1. Note down all Cβ pairs under 6 Å where the first residue falls in region 244-269 and is closer than 23 Å to Leu201 by Cα, the second is surrounded by fewer than 16 Cβ atoms within 10 Å (Cβ to Cβ) and modelled with pLDDT under 95, and they're at least six residues apart or on different chains.
2. If Arg8 meets every condition in (1) part of a helix (DSSP H, G or I); (2) modelled with pLDDT of 80 or more; (3) exposed (fewer than 13 other Cβ atoms within 10 Å of the Cβ) apart from one, which number is that one?
3. Go over the candidates Leu173, Leu163, Leu201 one by one and state the one that is touching a Ser or Thr at 6+ places or on another chain (Cβ under 6 Å), within 21 Å of Lys107 (Cα to Cα) and touching a residue at least 24 places away in the same chain (Cβ under 8 Å).
4. Mind listing whichever residues of region 155-165 are surrounded by 17 or more Cβ atoms within 10 Å (Cβ to Cβ) and out of contact with any Lys or Arg (no Cβ under 6 Å at 6 or more places or on another chain)?
5. What number goes with the only condition from (1) more than 22 Å from Ser73 (Cβ to Cβ); (2) part of a loop (DSSP other than H, G, I, E, B) that Ile144 does not pass?
6. Please list, ordered by first then second residue, the pairs with beta carbon atoms under 9 Å, 6 or more apart or interchain, first in region 129-143 and under 22 Å from Phe318 (Cα atoms), second part of a strand (DSSP E or B) and among the basic types (Lys, Arg).
7. Could you list, in sequence order, the residues of region 303-328 that are of a type in the set (S, T, N, Q) and modelled with pLDDT under 95?
8. So, of the residues in region 217-233 that are in contact with a Ser or Thr (Cβ under 9 Å, 6 or more places away or on another chain) and assigned to a helix (DSSP H, G or I), which turns out to be surrounded by the fewest Cβ atoms within 10 Å (Cβ to Cβ)?
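The values are calculated or read from the model by the stated rules, or taken from the named source; none is laboratory data. Keep in mind the model is a prediction, meaning the values are calculated, not measured. We place every Cβ from the backbone using ideal geometry, glycine too, and count neighbours over all the protein chains shown.
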Amino acid sequence: MAKIKILRIISFCFLCGVVFNVSVYSRAATLTDDLYTQVELFSDVLSTIERAYVEEVESKEMIYGALKGMMASLDPYSQFMAPDVYKELQVETEGQFGGLGIEITIKNNLLTIITPLDGTPADKAGLKAQDHIVKIDGKITRDITLTDAVKKMRGKPGTDVKLTVMRDGEDELKNFVITRDIIKIKSVKKSLILEDNIGYLKLTDFSEKTNRDLQNALDSLEKQGMDSLIFDLRNNPGGLLISAVDTASKFLPAGKLVVYTKGRSSGQTIKYKAKGKTHFKDIPLVVLINPGSASASEIVAGAIQDYKRGVILGTTSFGKGSVQTVVPLRDGSALRLTTAKYYTPLDRMINGKGIVPDVVVKREVRKQNSKEEKQRDVFSEIEKKEKSKIEINEQDKQEDNEEATEEQEAKEVREFIANDNQLQAAINVIRGIKIYVKDK
């Protein structure tokens with residue numbers, strides 16, 4: 001009787017996805033006899049563990065463990081999420097969560113960083129896209145699932161986690177001790193006018209807030225005289241598909257195909273087209289990408305490239321082009337199941353290949369004299385303290401202050417450009433496009 005009862009429980013677990021997402025699992029209604037045979041085998045194993053294992057084990061733990069293993073056997077992105085992990089995912093898509101600030105995947109059986117999010121503890125510590133995490137707090141990550149990796153790296157703000165990293169091209173492992181923090185993602189990290197009315201906009205993710213934040217930033221740049229744009233998607237790990245479509249719609253005419261998904265069934269072939277009105281569809285455009293650009297970033301870059309709407313510059317993107325459907329389950333847990341793959345308007349598959357730039361420019365890191373930088377920071381602090389002690393007549397000094405502010409802003413822009421060779425290359429490309437358009 002116990003065996004029959006367990007068999008019924010397991011059969012229910014296999015079929016519960018049908019209850020919550022019939023469109024994805026329509027074929028579940030025609031389960032073969034072979035599958036039922038395998039379910040019986042699964043039931044036998046559970047019965048044996050329950051009867052003979054050295055310690056008593058809760059049935060929920062066994063079921064959860066089996067589901068994790070089942071999903072992990074499919075691909076790096078499919079996973080079973082316990083209720084607490086599912087709640088974290090929901091918070092993450094809203095733009096705020098706790099942890100280190102890195103996007104991860106399993107690549108070639110190694111826990112791999114897609115990208116460290118700008119300004120987060122992981123970014124400040126020096127982690128890079130394509131770094132392989134081989135240990136978490138001293139424990140080997142061999143055969144670790146994404147779910148377990150996330151749980152190990154997330155924790156209370158202010159606590160530390162030690163990551164041991166293997167970096168391509170380097171022989172020695174690197175150790176990083178990183179302090180956890182609340183990760184607040186601002187979709188638009190930076191927007192400013194560089195020079196010659198060239199706008200610059202850096203997007204850090206594709207969340208529920210992205211469409212609004214991006215539109216506000218574009219409108220602000222336009223008011224400042226922007227006549228061309230450098231759109232920075234470097235180290236942007238992606239996010240929501242609908243957000244990617246909204247973003248591409250800023251630069252493409254309404255009705256143009258942005259991306260389509262193709263899965264095993266005809267119902268999983270879905271086309272997503274640009275929508276709404278935009279007056280940015282003709283503005284000279286350069287898009288920056290690198291190996292930290294993934295998923296939604298690749299959708300946007302791929303569409304712009306296919307239509308020759310702009311120039312893609314940088315280095316080849318990550319190559320994460322699969323669709324995960326989240327299927328909630330009745331106990332608060334959920335499945336994150338790969339159901340389709342992304343294809344660009346010209347039928348290019350993104351998954352495993354990435355987007356190859358039109359203009360390949362590798363990032364050069366300027367070596368700075370840390371001693372000089374430290375001294376400069378000290379002198380800067382002294383200057384700030386001295387200024388705070390001086391009482392200034394604002395009415396008499398207003399014009400001088402405005403000129404000083406403008407000069408300081410111009411200096412910051414010059415330094416920003418000087419430290420980024422890819423940005424310099426993008427500016428040169430934009431200038432060339434503007435000359436060509438003017439003469440045409």
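1. Note: pairs meeting the criteria are Ser249/Lys275; Ser249/Gly276; Ala254/Lys275.
2. (2)
3. Details: Leu163 fails: touching a Ser or Thr at 6+ places or on another chain (Cβ under 6 Å); Leu201 fails: within 21 Å of Lys107 (Cα to Cα).
Exactly one residue qualifies, and that residue is Leu173.
4. Here is the first cut: in region 155-165, the ones surrounded by 17 or more Cβ atoms within 10 Å (Cβ to Cβ) are 161, 163-165.
Val161, Leu163, listed by residue number.
5. It is condition (1) that Ile144 fails.
6. Gln130/Lys107; Asp131/Lys174; His132/Lys107; Thr141/Lys135
7. Initial filter on region 303-328 (of a type in the set (S, T, N, Q)): 305, 315-317, 322, 324-325.
If the condition is that a residue be of a type in the set (S, T, N, Q) and modelled with pLDDT under 95, then Ser322, Gln324, Thr325 are the ones that fit.
8. Looking at the filtered set, the residue picked out is Ser220.
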